[in-house]
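What follows is a short report on a single structure.
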Amino acid sequence: MNDLRPTMVVGGSRGLGRGIAVAFARAGAPVVTVARTESALRELAAETPGIDIEVADAADPTVPGALLDRHRPGNLIIVAGASPLMRPLHHHTWETFSANWNTDVRIAFH
């Protein structure tokens with residue numbers, strides 16, 4: 001039995017988060033990867049031994065505590081957040097402009 005506490009990567013289904021999760025798993029660390037997209041997480045787990053998955057929305061205030069209690073990670077890496085809408089500032093509404101604030105800060109806060 002592996003007595004190492006897992007590394008939890010929030011936002012690990014794609015991009016930098018996925019790369020971090022894969023690197024830790026290949027180094028022999030147990031990894032729990034959290035993201036909203038189940039298909040991407042299942043693909044990641046199938047391709048990379050040592051990765052367990054949790055399908056969840058990190059912006060949901062009930063999720064962080066539940067995941068931390070369940071997995072007791074030794075490392076917590078947060079790479080999740082809203083993808084910004086790339087457009088000139090004058091083409092944004094307050095809702096589109098503040099989407100990253102409302103998502104990214106909410107994840108960090110909880």
The chain - percent of accessible surface contributed by carbon and sulfur, probe 1.4 Å: 57 percent
Local electrostatic count at residue 107 - Lys and Arg +1, Asp and Glu -1, tallied over other residues with Cβ under 11 Å: -2
How much accessible area per residue does the chain have, counting only protein heavy atoms and a probe of 1.4 Å, in square angstrom? 64 Å²
Using alpha-carbon positions, what is the distance between the centroids of segment 12-30 and segment 70-95, in Å? 19 Å
Any idea what % of Cα-Cα pairs in segment 31-87 are farther than 15 Å? 54 percent
Which value, in debye to the nearest 20, gives the size of the charge dipole of the chain about its Cα centre, when Lys and Arg are +1 and Asp and Glu are -1 at the Cβ? 220 debye
Skipping prolines and chain starts, which residues have an amide H placed within reach, meaning under 5 Å, of the one on residue 36, given they are 5 or more residues away or on another chain? 56
Go through 110, 91 and list them by solvent-accessible area, largest first, probe radius 1.4 Å. 91, 110
Residue-wise, which Karplus ³J(HN,Hα) couplings in Hz belong to segment 82-98, taking 6.51 cos²θ - 1.76 cosθ + 1.60, θ = phi - 60°, and x for glycine or proline? 6, 6, x, 7, 7, 7, x, 3, 6, 9, 8, 9, 4, 5, 6, 5, 8
For residue 102 and residue 46, what does the FRET efficiency come to when R0 = 35 Å and r is the distance between their Cβ atoms, rounded to the nearest 0.05? 0.60
For the chain, inverting the pair-averaged 1/r of distinct alpha-carbon atoms gives a Kirkwood value in Å of 14.6 Å
Could you work out the helix-only [θ] at 222 nm for the chain, with each DSSP H run of four or more residues adding -39,500 (n - 2.57) and the total divided by the number of residues, to the nearest 500 deg cm²/dmol? -10500 deg cm²/dmol
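The values are calculated or read from the model by the stated rules, or taken from the named source; none is laboratory data. Everything numeric here is computed off the predicted structure, so don't read it as measured data. Here Cβ is always computed from backbone atoms with ideal geometry, including for glycine, and neighbour counts include all displayed protein chains. Note: accessible area is taken over every heavy atom of the protein model, side chains too, but ligands, DNA and RNA are not part of it. Shrake-Rupley method; radii C 1.70, N 1.55, O 1.52, S 1.80 Å.
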